[in-house]
Amino acid sequence: MSEDIYINRRKIFDNLQYLDWWAFGLLGEAGHEDETRLELTRWLSEQPMLSLEEIDGLILGGCRSNLDGYLTDSYCAVLANAFISYPEQFVKRMSGENMSDPERRQIVSLTAYGCAAPEETFERALEAAEEITGDPLRYTERELVWGEALAAAIRGQ
């Protein structure tokens, strides 16, 4: 049973980058498509102990799926939560070879926007940003560039 849950959870994260959010909404109750979409973003935010691959899935989902409007706002909160919980891993995964610089810039923007409010989230995001910029020896040059870009974007919110 728990193995099935893990496999299904893994499939969701692996496929976020391919998700058609508008079609996904149609899988729920008729007339409640928005609630179906938002329920997935809530579920993503509430998942404990994210693996590196799951962090990849969240990041790629933020820059490659067809997010728009209120879904973008909701997904920004998902990215902010992942960054705050796993700042080092988030920056390292965001800086990896599997993304382009425009995608990285989009993730920086989305994550910083998600960190802006509420005030408690912003304060926690600033602490996470300090963790990144406060110990540059833990990062490659590319990781440090993107980590500093994310920290600057959060501070600028």
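The values are calculated or read from the model by the stated rules, or taken from the named source; none is laboratory data. Note that this is a predicted model, so its numbers are computed, not measured. Glycine also receives a Cβ, built like all others from the backbone with ideal geometry; neighbour counts cover every protein chain displayed.
Among the residues of this structure, residue 110 does not count as one that is out of contact with any Cys (no Cβ under 9 Å at 6 or more places or on another chain) and either crowded, with 17+ Cβ neighbours inside 10 Å or over 20 Å from residue 9 (Cβ atoms) (or both).
Table: residues versus (1) in contact with a helix residue (DSSP H, G or I) (Cβ under 6 Å, 6 or more places away or on another chain); (2) closer than 23 Å to residue 145 by Cβ; (3) modelled with pLDDT of 95 or more.
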| position | (1), (2), (3) |
| --- | --- |
| 2 | no, no, no |
| 6 | no, no, no |
| 55 | yes, yes, yes |
| 70 | no, no, no |
| 73 | no, no, no |
| 90 | yes, yes, yes |
| 95 | yes, yes, yes |
| 100 | no, yes, yes |
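Within region 18-39, does at least one residue satisfy the condition of being aromatic (Phe, Trp, Tyr) and surrounded by 13 or more Cβ atoms within 10 Å (Cβ to Cβ)? Yes, region 18-39 contains at least one residue that is aromatic (Phe, Trp, Tyr) and surrounded by 13 or more Cβ atoms within 10 Å (Cβ to Cβ). Of a type outside the set (Lys, Arg), touching a helix residue (DSSP H, G or I) at 6+ places or on another chain (Cβ under 6 Å) and over 17 Å from residue 124 (Cβ atoms) - does that describe any residue in region 78-87? Within region 78-87 (the criterion being of a type outside the set (Lys, Arg), touching a helix residue (DSSP H, G or I) at 6+ places or on another chain (Cβ under 6 Å) and over 17 Å from residue 124 (Cβ atoms)), the answer is no, since none of the residues qualifies.
Here is the figure for region 24-75: residues that are touching a Gly at 6+ places or on another chain (Cβ under 7 Å) and without any contact (Cβ under 8 Å) to a residue 12 or more places away in the chain total 2. Entry remark, region 58-104: residues being surrounded by fewer than 15 Cβ atoms within 10 Å (Cβ to Cβ), out of contact with any Asp or Glu (no Cβ under 9 Å at 6 or more places or on another chain) and more than 16 Å from residue 24 (Cβ to Cβ) number 5 in total. Since residue 42 meets every condition but one in (1) part of a helix (DSSP H, G or I); (2) on the phi > 0 side of the Ramachandran plot, which condition does it not meet? In the conditions (1) part of a helix (DSSP H, G or I); (2) on the phi > 0 side of the Ramachandran plot, residue 42 misses (2) alone. Filtered by the rule that a residue be surrounded by 16 or more Cβ atoms within 10 Å (Cβ to Cβ), assigned to a helix (DSSP H, G or I) and not aromatic (Phe, Trp, Tyr), region 113-125 gives 114, 115, 121, 124, 125. Looking only at residues in region 59-73 that are touching a Leu at 6+ places or on another chain (Cβ under 6 Å) and assigned to a helix (DSSP H, G or I), the one that is farthest from residue 131 (Cα to Cα) is 61.
Hey, can you tell me all the residues within region 114-129 that are under 16 Å from residue 146 (Cβ atoms) and of a type outside the set (A, V, I, L, M)?
To start, the set of residues in region 114-129 that are under 16 Å from residue 146 (Cβ atoms) comprises 115, 125, 128-129.
Of everything in region 114-129, just one residue is under 16 Å from residue 146 (Cβ atoms) and of a type outside the set (A, V, I, L, M), namely 115.
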